[in-house]
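Readers should treat all values here as calculations from the given coordinates under stated rules, not as data from a laboratory. As the structure is a prediction and not an experimental result, all values here were calculated from the model. With ideal geometry, Cβ positions are generated from the backbone for all residues, glycine too; neighbour counts draw on all protein chains shown.
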């Protein structure tokens, strides 16, 4: 599995490195939906910040919508901050008179929420980038490169694939569809494998493993050479036949048997990190030659994945 990752989110980097064009209509649609319908899309900060210096056209419009959203979010967080500070003051006053479980809980909860609100407010106003700005989780959007008519295009896609033709409830029926197992590509994923392939550029990824005490812990894996990982993905453009749900572009990262050091750390899968010379062949598959695609997997990169417990 790939529980979470830090990946390239700035579309301009894909332009520079791969000559990719921006699928601007999809970005406009997503940000318009969020502005007009209140659709709760979740974007990494780095994806939003990529539009921070836009000056013309649709990119400027997106920047304007993002700035409006940030202002709205800041106002909402400030209101929450005021409410929790009021709650904390009330709890502390009550504790001076009598120690009760309710007052202690109010004090603890308010303190925690104040800390989180302050961090969120700081992030909304921060302009300097941090590595965690590019991190995404299942259900979040991330930047994915595909090929259309032989040209590389960058789109924002949700990290949990909903295959075209399947009902929307697949999201809850199959919550693990942010990953596609290699041994099931011709089964569950047969409509995507050999047809709609994508690529995300990952710098580090995170996995859930069982700790020595039996409790879950999160490990962060990073190539020892610090090189980028070219992660093979499947994607789908889902549309609602009843035209009720919005159109959805979504993707899944393909996973294989674990690299030895990943297995030793306690995890049983690893995302497939293809070699850069195979990018075009992967993005432009021949559905009649699936063996060539498996050959790309067999020739994948094997950097040594160092790991540490995530902060």
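Quick check: Cα centre of segment 218-278 to Cα centre of segment 57-101, how many Å?
35
If eta is 0.692 mPa s and T is 37 °C, what Stokes-Einstein diffusion coefficient results for segment 141-227, Kirkwood Rh from Cα pairs, in µm²/s?
210
Taking only Cα atoms and a 10 Å spring cutoff, compute GNM fluctuations for the chain and point out the largest among 67, 59, 36.
Judging by the Gaussian network model, the answer is 36.
Relative contact order (percent) for the chain, with alpha-carbon contacts under 8 angstrom and 6 or more residues of separation?
Details: 540 pairs, mean separation 64.3, N = 311.
21 percent.
Take segment 81-147, drop everything but the C-alpha atoms, weight them equally and run the Debye formula without solvent; then report log10 I(q)/I(0) at 0.21, 0.23 Å⁻¹ to two decimals.
Log-scaled intensity ratios, in q order: -0.87, -0.95.
At 222 nm, what helix-only mean residue ellipticity would the chain give, in deg cm²/dmol to the nearest 500, using -39500 (n - 2.57) for each DSSP H run of four or more?
Numbers: 9 runs with 116 residues, N = 311.
Computed mean residue ellipticity for the chain: -12000 deg cm²/dmol.
Going 7 Å from the Cα of residue 226 along its beta-carbon direction, which residues of segment 174-217 have the amide nitrogen within less than 15 Å of the resulting point?
203-204
I'd like the FRET efficiency for residue 186 and residue 79, computed as 1/(1 + (r/R0)^6) with the beta carbon distance as r and R0 of 41 Å, rounded to 0.05. Don't skip to the end; give the middle numbers.
Details: r = 52 Å, r/R0 = 1.26.
Efficiency, from the Cβ-Cβ distance: 0.20.
Among 134, 147, 115, whose mean-square fluctuation peaks in a Gaussian network model of the chain (Cα, cutoff 10 Å)?
Between 134, 147, 115, it is 115 that shows the largest mean-square fluctuation.
Highest GNM mean-square fluctuation, the chain, Cα pairs closer than 10 Å: which of 123, 112, 240?
112
Among [x] 6, 24, 28, 19, 11, 5, 3, 2, 1, 0, 0; [y] 6, 25, 32, 26, 10, 1; [z] 5, 23, 30, 24, 12, 4, 1, 0, find the value of P(r) over Cα pairs in 10 Å bins from 0, in percent that was calculated from the structure presented, and write down its label.
Given [x] 6, 24, 28, 19, 11, 5, 3, 2, 1, 0, 0; [y] 6, 25, 32, 26, 10, 1; [z] 5, 23, 30, 24, 12, 4, 1, 0, the calculated one carries the label [z].
Obtain the radius of gyration and the Kirkwood radius of segment 43-128 from its C-alpha atoms and give Rg over Rh. Before the final figure, lay out each step's value.
Details: Rg = 18.2 Å, Rh = 15.0 Å.
Looking at segment 43-128, the ratio lands at 1.22.
Could you list 159, 41 in order of exposure, starting from the residue whose Cβ has the fewest other Cβ atoms within 10 Å? Walk me through the numbers before you get to the answer.
On the way: 159 26, 41 14.
Least crowded to most crowded, the residues run 41, 159.
On C-alpha positions alone, give me the angle between the axis of helix 101-125 and the longest principal axis of the chain, in degrees, nearest 10.
50
Can you tell me the equivalent ellipsoid semi-axes for segment 170-311? Use √(5λ) from the Cα gyration tensor, largest first, whole Å. Walk me through the intermediate numbers first.
Working: eigenvalues 148, 86, 35 Å².
Taking √(5λ) for each eigenvalue gives 27, 21, 13 Å, largest first.
Please identify which residues in segment 167-207 have an amide N closer than 18 Å to a label point set 7 Å out from the Cα of residue 240, following the Cα→Cβ vector.
Counting only backbone N, you get 167-173.
Hey, what D do you get for segment 66-180 in µm²/s if you plug the Kirkwood alpha-carbon radius into Stokes-Einstein at 20 °C and 1.002 mPa s?
Working: Rh = 18.3 Å.
Diffusion coefficient, whole number: 117 µm²/s.
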